[in-house]
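The values are calculated or read from the model by the stated rules, or taken from the named source; none is laboratory data. For clarity, every value in this text was computed on a predicted model and none was experimentally measured. Cβ placement follows ideal geometry from the backbone for every residue including glycine, while neighbour counts extend to all protein chains displayed. To get the accessible areas, we keep the full protein, side chains included, count just its heavy atoms, and leave off ligands, DNA and RNA. Shrake-Rupley method; radii C 1.70, N 1.55, O 1.52, S 1.80 Å.
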Amino acid sequence: MIILVVNAGSSSLKYQLIDMKDESVIAKGNCDRIGIDGHLSHKTADGRKVEEDCNFPTHAEAFERLVQALTTGDAAVISSMDEVSAVGHRVVQGAELFTKTTLVTDEVIDEIENLKELAPVHNHGHALALWACKKTMPNIPQVVVFDTAFHQTIPQKAFMYGFPYEDYEQYHVRKYGFHGTSHRFVTAKLAEVMGKDLKDLKVVSCHLGNGSSITAVKGGESIDTTMGFTPLDGVLMGTRCGAVDPSAVTYVAGKHGFHVADMDNYMNKKSGMLGISGLSSDFRDITAASEKGDARATLAKDMLVYDIKKDIGAFAAIMNGLDAVIFTGGIGENAPNCREEVCENLEYLGIKIDKEVNNFKGELKKISTPDSKVEVWVIPTNEELLIARDTLAMVEGLKK
Ligand code: ADP
């Protein structure tokens, strides 16, 4: 069975075609610059490629072009879209409406569109892609997998903000959490490699990339996470500030004479490791500059490490202990220095890692010592695969 996984943004549409027989990626690519001009990058597993400037006035033309790339020409991998059993879409914000993977209907697309106020950058693009996909592939079932769904188990005392209750009721202002698909994928994988039932585990999952979030997973359920109403909350990120005193926001906005959109841009694009270091948002650049003695790059790295450490401690407290810590995402999978510094001086929690074993990139591996009470694992994430698995399960369920 073949599943198409789509991750659409406001001006881009990334896709992977996955053969569920062995969960291998047959082809993947990106339709970029939608609404501007258009560009297609397409690559097959056996190394055939398409790089082409296109005309993508809307997501619909991008969809048609990706269907063409998959089915015709030198880099085709299937003879027709009839070979595709279903399409699985990543959707960022499902709010309280969507607590699990959902089969797409016109009403579902409308509801995703209506949630755009809560995720202005993402949900509108998802809805456009869903309509476009429906138009291009009307007979193929579509499924949506939400970044927020995994966090719908967080209890109210943890997801509420201290604003007047009416604003939660009227404007739905609360913590939603993000990266749910990644946290779900790596915690399930953890249980598999530990040979344990996820139901019996207390886990802190650290997804560290350009955007980073830490999640407390108890018995397989998210019970708290560091991202909030939007993906801006929590630890210091590439260009996002993470958690700050809300009064600092109003104060800075006043000093700069910022309007709401300017302040949003300042917090999302100009802050984080980029803002602190003045150099780069990329952890590789931060590490390299720090190693050369750059004080502000070192500060950015130290702030990130400090935030993660603090969250591990906080989540161990709310779970009444800890069985495992997971590192994933671009930084979590590839930056041994970050992992080592986070785990330093956490022996009191039962965390002890082997620095030699930890010195690697991008593999699934246990880095804790045999006598460490808490197991520490590096687990490469694969959100697309989880979306494909969910999609497959949904369409197989339809047949029953
Ligand atoms: P996104 O959140 O956009 O999905 P990624 O998960 O790809 O981002 O993570 C990007 C981050 O991972 C960047 O800060 C990058 O520097 C970092 N990263 C990627 N490879 C390495 C590496 N080899 N060493 C250190 N950091 C890395």
Is it the case that Val77 is more than 19 Å from Thr230 (Cβ to Cβ) and open to solvent by 20 Å² or more (accessible area, probe 1.4 Å)? yes
Could you check how many residues of segment 313-342 are within 16 Å of the ligand (Cβ to nearest atom), closer than 18 Å to Asp302 by Cβ and touching a residue at least 24 places away in the same chain (Cβ under 8 Å)? 10
Being open to solvent by less than 10 Å² (accessible area, probe 1.4 Å), at pLDDT 95 or above and either of a type in the set (S, T, N, Q) or away from the ligand (no atom under 16 Å from the Cβ) (or both), is that true of even one residue in segment 165-173? no
Go through (1) under 22 Å from the mean Cα position of the chain (by Cα); (2) part of a helix (DSSP H, G or I) and name the single condition Gly238 misses. (2)
On the basis of being in contact (Cβ under 8 Å) with a residue 24 or more places away in the chain, out of contact with any Asp or Glu (no Cβ under 6 Å at 6 or more places or on another chain), open to solvent by 60 Å² or more (accessible area, probe 1.4 Å) and within 16 Å of the ligand (Cβ to nearest atom), does Lys269 make the cut? yes
Among residues of segment 272-312, those that are surrounded by fewer than 20 Cβ atoms within 10 Å (Cβ to Cβ), within 14 Å of the ligand (Cβ to nearest atom) and among the charged types (D, E, K, R), counted: 4
Since Val145 meets every condition but one in (1) open to solvent by less than 30 Å² (accessible area, probe 1.4 Å); (2) at pLDDT 95 or above; (3) out of contact with any Asp or Glu (no Cβ under 8 Å at 6 or more places or on another chain), which condition does it not meet? (3)
Of everything in segment 199-223, what is within 16 Å of the ligand (Cβ to nearest atom) and surrounded by fewer than 24 Cβ atoms within 10 Å (Cβ to Cβ)? Give them in sequence order. Gly209, Asn210, Gly211
